[in-house]
Amino acid sequence: MDLKKNGSSPVLTDPAPLNSSRLGLPSNIKPYSSAAQAYSSGLYSTKPRRKAILGKLDDVRANGWLDAMKSSSPPRRQPNKDYISEPAIDENDMAYHKWLMSYPSALTSFEQIISSAKCKKIALFLDYDGTLSPIVDNPDLAIMSNAMRSAVKHASECFPTAIISGRSREKVYKFVKLTGLCYSGSHGMDIMCPVTKFDSTGGHPNCIMTTDEQGKEVHLFQPASEFLPMINEIFSSLVDITKDIVGARVESNKFCVSVHYRLVNKEVWPEVAQRVVNLLEDYPRLRVTHGRKVLEIRPVIDWNKGKAVEFLLESLGLSNREDVLSIYVGDDRTDEDAFEVLRESNRGYGILVSSIPKETNAFYSLRDTSEVMKFLKSLVRWKKLDGDA
């Protein structure tokens with residue numbers, strides 16, 4: 001894979017360039033919203049580019065961006081060190097334990113989960129950041145521990161396993177370093193999965209056969225390939241307009257761009273948001289979603305992590321089967337689409353990784369990455385001792 005420099009961060013490209021003739025959008029994927037019809041003649045706006053207007057914060061407040069940024073970026077919990085003999089009652093703990101009544105721990109509910117999996121094949125879907133690795137200030141340092149890698153490896157030997165991340169697929173693979181898994185980057189817009197004899201996606205108009213770094217045959221699916229020039233352009237623009245904001249970092253994730261504000265002073269968050277708002281006025285085919293101290297810019301197409309789960313189940317030959325139980329473990333808002341797909345179709349369970357109460361479509365919860373590792377080990381132990389699938 002080629003490594004190209006674009007701005008201050010690397011942009012990775014595939015071994016062979018993909019174009020719309022090889023990877024066109026299927027009819028069920030909407031390339032842009034009705035509000036963008038006026039720009040349907042091409043990928044780019046016909047209006048001249050404008051520099052971001054500074055200080056125009058009313059737009060951000062009116063659109064609820066600040067509220068969304070705050071709600072998706074809760075402060076980390078701090079241990080209570082202000083007691084000598086008797087600890088004070090922690091209201092956060094009380095709220096969390098009350099929340100657990102609705103979203104019980106997947107560890108304490110493990111027997112219930114495996115009871116549902118009896119005589120079924122488990123399909124395992126895992127987010128990366130905040131699930132397999134802790135959230136860190138520098139996204140480049142979100143390193144997966146060797147213990148977690150071992151847990152994922154053993155799980156993938158027992159169950160069909162996919163990593164689904166907002167990161168670029170190449171970055172996630174470099175973090176995980178395991179072969180034989182399916183990897184989905186850019187919130188499901190860049191999927192690579194080993195070819196199996198059960199695979200039913202070979203004839204999919206957006207799926208091509210290629211080889212991975214080990215020379216093994218894989219299917220590559222990129223429903224937003226036509227947006228790549230636009231994504232590269234807006235990445236460069238975002239790097240330019242945020243370079244004077246202390247702590248701001250722009251990350252290219254191939255089919256989406258992440259603007260991290262974890263290290264930005266909270267008083268400056270409105271400025272970050274407003275600059276992004278102003279820039280996107282010229283890109284009606286792009287939208288913003290909110291993550292944990294990150295704004296993510298991606299194409300306006302009918303595709304998300306939930307759609308990625310459905311595609312991966314099809315690719316693994318596991319879709320439309322009564323004997324399959326899917327388990328998706330994730331920690332962020334973008335994982336909610338996958339939780340919702342499993343809940344509404346009654347295909348399995350979403351497990352939210354969170355140490356604070358959150359509204360979620362998941363069935364169960366885990367507090368942190370250490371509990372994720374315990375859960376994976378429990379699944380493997382069950383499979384080897386009692387699994388029927």
request  = Tally the residues that are touching a Lys or Arg at 6+ places or on another chain (Cβ under 8 Å) and in a loop (DSSP other than H, G, I, E, B), restricting the search to the range 323-360.
outcome  = 7
ask   = Would it be correct to say that Val288 is over 24 Å from Cys182 (Cβ atoms), touching a helix residue (DSSP H, G or I) at 6+ places or on another chain (Cβ under 9 Å), β-branched (Val, Ile, Thr) and surrounded by fewer than 20 Cβ atoms within 10 Å (Cβ to Cβ)?
value = yes
key: Index of the failed condition, Ala308 passing every other in (1) assigned to a strand (DSSP E or B); (2) outside the structural domain of Lys254 (by the TED database); (3) within 30 Å of Phe235 (Cα to Cα)   = (1)
note = Here the residues within the range 196-221 that are at pLDDT 80 or above and hydrophobic (A, V, I, L, M, F, W, C) are Cys207, Ile208, Met209, Val218, Leu220, Phe221
request  = For the range 308-353, name all the residues that are within 23 Å of Met148 (Cβ to Cβ), touching a Leu at 6+ places or on another chain (Cβ under 8 Å) and of a type in the set (Ser, Thr, Tyr).
outcome  = Ser326, Tyr328, Tyr349
ask   = Can you pull out the residues in the range 113-126 that are open to solvent by 10 Å² or more (accessible area, probe 1.4 Å) and in contact (Cβ under 8 Å) with a residue 12 or more places away in the chain?
value = Ile114, Ser116, Lys118, Cys119, Lys120, Lys121
key: Meets criteria (assigned to a loop (DSSP other than H, G, I, E, B) and on the phi < 0 side of the Ramachandran plot) for Val277   = no
remark   = Given (1) surrounded by 22 or more Cβ atoms within 10 Å (Cβ to Cβ); (2) over 22 Å from Phe221 (Cβ atoms), Tyr328 misses just (2)
request  = Would you check which residues across the range 338-375 are within 26 Å of Lys118 (Cα to Cα), open to solvent by 50 Å² or more (accessible area, probe 1.4 Å) and charged (D, E, K, R) and list them?
outcome  = Glu340, Arg343, Glu344, Arg347, Arg367, Lys374
query = Quick check: anything in the range 210-223 over 27 Å from Leu124 (Cα atoms) and crowded, with 21+ Cβ neighbours inside 10 Å?
reply = no
task = Keeping to the range 229-249, report how many residues are among the aliphatic types (A, V, I, L, M), in contact (Cβ under 8 Å) with a residue 60 or more places away in the chain and open to solvent by 10 Å² or more (accessible area, probe 1.4 Å).
result = 2
remark   = Going through the range 292-314 in order, the residues found to be in contact with a helix residue (DSSP H, G or I) (Cβ under 7 Å, 6 or more places away or on another chain) and buried (at least 20 other Cβ atoms within 10 Å of the Cβ) are Leu295, Ile297, Arg298, Pro299, Trp303, Asn304, Lys305, Gly306, Lys307, Ala308, Val309
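The values are calculated or read from the model by the stated rules, or taken from the named source; none is laboratory data. On a predicted model such as this, the values are computed, not experimentally measured, just so you know. Positions of Cβ are generated from backbone atoms using ideal geometry, with glycine treated the same way; all protein chains shown enter the neighbour counts. Please note that ligands, DNA and RNA were not included when accessible areas were found on the heavy atoms of the full protein model with its side chains. Shrake-Rupley method; radii C 1.70, N 1.55, O 1.52, S 1.80 Å.
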